[in-house]
Amino acid sequence: MRQNPQHDGRLRPVDLARRHGLSTQAIRNYEAAGVLPEAERTPHGYRTYTPLHASALNAFLALVPGHGHGTATSIMRAVNRDATGAALRLIDESHAQLLDDRRTLQAVEAALRDLEPVPPERGDTFVGPLSRRLGIRPATLRKWERAGVVQPRRDPRTGYRVYSAADVRDTLLVHQLRRGGHLLEQIAPLIAQVRSAGGVAPLESTLRDWHARLAARSRAMLTGAAALDAYLDCRPDPADE
């Protein structure tokens with residue numbers, strides 16, 4: 001049976017804020033953003049919150065580590081407008097993205113296990129075909145080149161960038177590592193080492209870190225789900241209002 005703490009235990013904004021080391025302005029901002037249900041007002045215009053608002057804040061803060069601030073906000077907004085189905089869909093989409101990220105990591109590991117020196121004279125391609133293959137803009141490839149993670153040669157007659165098979169391999173690795181959340185400045189020395197060493201050892205610590213971050217995110221989603229479930233149990237049933 002649902003509990004309904006909507007009118008029990010009045011709380012001030014500072015009461016909610018102190019529990020989580022937040023400012024009272026942050027509490028007001030969360031209410032304005034729809035993360036918290038609308039507060040009631042005293043005859044003098046002061047906001048008053050309840051344990052329901054405390055549960056909502058707990059749920060939001062628990063959702064953020066696993067889903068990110070934007071998605072957590074959208075989830076809470078949906079719940080607070082009684083669109084629970086929409087909120088659950090957002091959660092499902094986050095889990096699907098996490099699964100996709102796990103598959104990306106597996107693909108990176110598989111690619112690195114099979115990494116072998118590639119004859120430079122085979123597999124030449126150009127910016128357009130390569131960008132279409134990766135589903136990115138040509139400008140992104142040029143940005144990666146400026147960062148030193150990809151080093152195509154220039155055709156001496158046309159000046160066009162020419163990507164050898166080894167360059168394509170490096171570009172695929174960069175693309176996968178970017179999807180794993182790594183910055184270009186982190187990727188550049190790793191690709192340089194792989195390029196010079198022709199092996200996977202330089203990326204082993206990065207892959208371990210990637211595994212750890214995915215595991216932490218998965219656990220955070222579980223924590224967020226428990227807190228959101230508790231908030232859903234606290235919310236009054238719209239049919240009873």
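The values are calculated or read from the model by the stated rules, or taken from the named source; none is laboratory data. All values derive from a computational prediction rather than experimental measurement. We place every Cβ from the backbone using ideal geometry, glycine too, and count neighbours over all the protein chains shown. SASA here: full protein model, heavy atoms, side chains in, ligands and nucleic acids out. Shrake-Rupley method; radii C 1.70, N 1.55, O 1.52, S 1.80 Å.
Each residue in the range 139-183 was checked for being under 22 Å from Thr206 (Cβ atoms) and assigned to a loop (DSSP other than H, G, I, E, B), and 9 of them qualify.
Within the range 169-195, if we keep just the residues that are in contact (Cβ under 8 Å) with a residue 24 or more places away in the chain, out of contact with any Asp or Glu (no Cβ under 9 Å at 6 or more places or on another chain) and among the hydrophobic types (A, V, I, L, M, F, W, C), the residue that is nearest to Leu99 (Cα to Cα) turns out to be Leu177.
On the stretch given as the range 31-59, residues that are under 10 Å from Pro13 (Cβ atoms) and of a type in the set (Ser, Thr, Tyr) total 3. Where helices (runs of 4 or more DSSP H) fall entirely within the range 1-104, those with at least 1 residues that are open to solvent by 30 Å² or more (accessible area, probe 1.4 Å) and in contact (Cβ under 8 Å) with a residue 60 or more places away in the chain are at 51-67.
Checked across the range 62-69, the condition of being of a type in the set (Gly, Ala, Ser) and over 16 Å from Asp229 (Cα atoms) holds for at least one residue. When restricted to residues that are over 24 Å from the mean Cα position of the chain (by Cα) and exposed (fewer than 14 other Cβ atoms within 10 Å of the Cβ), the range 133-152 contains 1.
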